[in-house]
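Encoded as structure tokens, the structure appears first; notes follow it.
Readers should treat all values here as calculations from the given coordinates under stated rules, not as data from a laboratory. Every value quoted in this text rests on a predicted model; they were computed, and no experiment measured them. Neighbour counts run over all protein chains shown; Cβ positions are idealised from the backbone, glycine included.
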Amino acid sequence: MNRCEFIKSSLLVTAGLTLDPMGGLVMAADNQKWWQRTIVYQIYPKSFCDANGDGTGDLRGIISKLDYLASLGVEAIWLTPIYPSPMVDNGYDISDYTSIDPRYGSMADFDELIEKARVRNIRVVMDLVYNHSSDQHQWFLESKSDRKNPKSDWYIWRDAVDGHEPTNWRSIFGGSAWAWCEARQQYYLHTFAKEQPDLNWENPSVRRALFDAARFWLDKGVGGFRIDAIVYIKKPPQFVDGTPDGADGMINVHSMTANTAGILDFLREFKRECFAGRDIFTVGEANSVKPNELGDWIGENGVFDMLFEFSHLNLSVDGEVWCRPRAWKLTELKSALSASQEATATNGWYPIFFENHDQPRGVNHYFAKDADPIKAAKALATVLLTMRGTPFIFEGQELGMANASWTSIDQFDDIQTRGQYEFALKEGLTPEQALDCVQQFSRDNARIPIDWSKATMSNTVLNWYRDLIAFRAEHEELLSGTYVELMAKDEQVFAFERALGNKKLITLVNFSTAEAKLPKKIATLKIAISSELNPTAGVLRPLEARICRI
Ligand code: GLC
């Protein structure tokens, strides 16, 4: 498809129509929303594009790439936090919820971004970090000043128990989840870093302030929100010790507080106050919601439109501890993804993703060490763009970016990586072994600056993304059809069918570095598109991705 045809088919998709291969018009599923039929592109502004040359990406850099993003067929960009922040957690420690960090530009730049994106049919999606603020937020500065100020109850304060921390909970970034405050002679809870104190959602004034901030961005015309670490906002009624899960005698705070009963009451109020009746989408980061609870979380009666969950990402380590790697099989990855597809088959909608700002690069994470990174990138792209749901591309993924190489722990600018490194040393690993773990799993692998010199006509990964995106836009069965996994027991090939009425496509992706023989029934299907120049019927080459027509 040439550029003109692509634009024509994108317009048709937006209008809820597609062309069948003979050029006939096919009606889209009439109950689908715009965000179910598009592609979202995630931007980590610090490393995306630096327009003023000061070494940090900025809003004007994003503006300069809008044509590129539009040409990819992207209709929403999710920006990780761009609010003022001391950057202890690279922007996820916010000190003002309704301003722009001067590192990234000004509010005028933001308004211009919204407007320039709008004329290209792209909506800007903001990241709401509402479980915690920065310890430099005015609210916390006031709250910590004494026990009597008007905001004294805006965070989670507790007295010491027998002269030490109230519980043995370990924060997600390592060390106790409690920090001492001299002025109040009390501890405060921080699920993440000590510079990220947890907000007290039980206090209605806190909720009102947070909802006001969300409405501030809605009034500016944002197209939705990604909602950070939301499963932690409700705390249990009693704070008690848990059975230690590490050599430090502590237990991960996640096991003690995530998804506590009563959380949905807060979230229903959040939806009612901020999202209901607006033409936006919301996607919550929620990694402990069980499939049988999904109906309360997403869909018609749910609190969000989509949920990011991590069952397919967390196969390679035990309990999210990087120094406890585990070997995983392709069948585990496939069944994790298929379970999510099934869970959202009739209710809610699935955000498909393999990379984000918290993950290493997919070409390293999902494939053997000796896998050709270009072929691996194409293989993963094929799953991403043909499963059922809204695909989320993380910046640079479409260029085939791979993990960075690190030689020392001092090179990392990430609190989580340093926490995992320290934990590994405590577990008895040598510094070299601990560095190996962070090399493999650190999120800084995906946060390094985008190498824009790769965005050329000769980048075959980028071209494959463009081909697949165009192919997706042309095939209604990929947009709204059903998903059925095939060859479920196969340890080399991920295969699934997407069907709408009598229109059927089959995706076949060889995740291994060896040739894969296809079963007879599939071997004879007509190849519609392949990542190999000369695909052979009956066999998938190492890492080959192919879509067949029935
Ligand atoms: C989320 C973000 C991550 C951040 C953490 C604390 O998991 O994706 O980047 O460090 O929350 O806000």
Next on the checklist: Over 31 Å between Cα atoms: which of LYS148/LYS426; LYS33/LYS378; LYS329/LYS521; LYS329/LYS375 fall into that group?
Outcome noted: LYS148/LYS426
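What net charge is computed for the residues neighbouring ALA488, neighbours being all others with C-beta under 15 Å from the C-beta of ALA488, Lys and Arg scored +1, Asp and Glu -1? Intermediate results must be reported in sequence, preceding the final value.
On the way: positive: LYS329, LYS334, LYS489, LYS521; negative: GLU332, GLU342, GLU485, ASP490, GLU491, GLU497.
Charge balance in the 15 Å sphere: -2.
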Checklist entry - Can you give the percent of C-alpha pairs in the stretch 131-256 whose distance is more than 22 Å? => result 38
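If you count, for each residue, the other Cβ atoms within 10 Å and average over each peptide, how do 475-481, 137-143 line up from highest to lowest?
Working: 475-481: 21.6, 137-143: 19.1.
Most protected by this proxy first, the peptides run 475-481, 137-143.
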Checklist entry - Given the C-alpha centroids of the stretch 382-397 and the stretch 268-337, what is the distance between them in whole angstrom? => result 16
Checklist entry - How many nm is it between the label spots at GLU491 and PHE310, if each spot is 7 Å from the Cα in line with the beta carbon? => result 2.7
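With charges set only on the Cβ (+1 for Lys and Arg, -1 for Asp and Glu), what does the dipole of the stretch 120-279 come to about its Cα centre, in debye to the nearest 20?
Working: 21 positive and 22 negative charges, 157 e Å.
Using Cβ point charges on Lys, Arg, Asp and Glu, the stretch 120-279 gives about 760 debye.
Less than 15 Å Cβ to Cβ from ALA446, Lys/Arg counted +1 and Asp/Glu -1: what total charge do the surrounding residues give? Please list the in-between numbers first.
Details: positive: LYS46, ARG361, ARG443, ARG447, LYS454; negative: GLU355, ASP358, GLU395, GLU398, ASP413, ASP414, ASP444, ASP451.
Surrounding charge for ALA446 is -3.
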Next on the checklist: Explain nothing, just the number: relative contact order of the stretch 276-395, from Cα pairs under 8 Å at least 6 residues apart, as a whole percent.
Outcome noted: 22
Checklist outcome for this item: Measuring from its Cα centre, the chain shows a charge dipole (+1 at each Lys and Arg Cβ, -1 at each Asp and Glu Cβ) which, in debye to the nearest 20, is 1760
Checklist entry - Expressed as a rounded percentage, what relative contact order does the stretch 359-510 have, with Cα pairs under 8 Å and six or more residues apart? => result 27
Checklist entry - Where the centroid of each part is defined by its Cα atoms, how far is the stretch 181-217 from the stretch 106-135 in Å? => result 22
Checklist outcome for this item: Proxy exposure order for ILE62, ILE529 (fewest C-beta within 10 Å first) is ILE529, ILE62
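Relative contact order for the chain: what is it in percent, counting Cα pairs under 8 Å that are at least 6 residues apart? Numbers along the way, then the final one.
On the way: 1078 pairs, mean separation 69.1, N = 550.
Computed over the chain, the figure is 13 percent.
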Next on the checklist: Report for the chain the percent antiparallel among DSSP-assigned beta bridges with both residues inside it, nearest 5.
Outcome noted: 60
Checklist entry - If you wrap a convex hull around the C-alpha atoms of the stretch 427-511 and split its volume per residue, what is the figure in Å³? => result 192
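What's the exposure ranking of ASP358, ASP219, ASP198, ASP153, going from fewest to most Cβ atoms within 10 Å? All intermediate terms of the calculation are to be shown ahead of the outcome.
Details: ASP358 18, ASP219 8, ASP198 22, ASP153 15.
Result, fewest neighbours first: ASP219, ASP153, ASP358, ASP198.
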Checklist outcome for this item: Neighbour-count ranking for TRP464, TRP34 (other C-beta within 10 angstrom, fewest to most) reads TRP34, TRP464
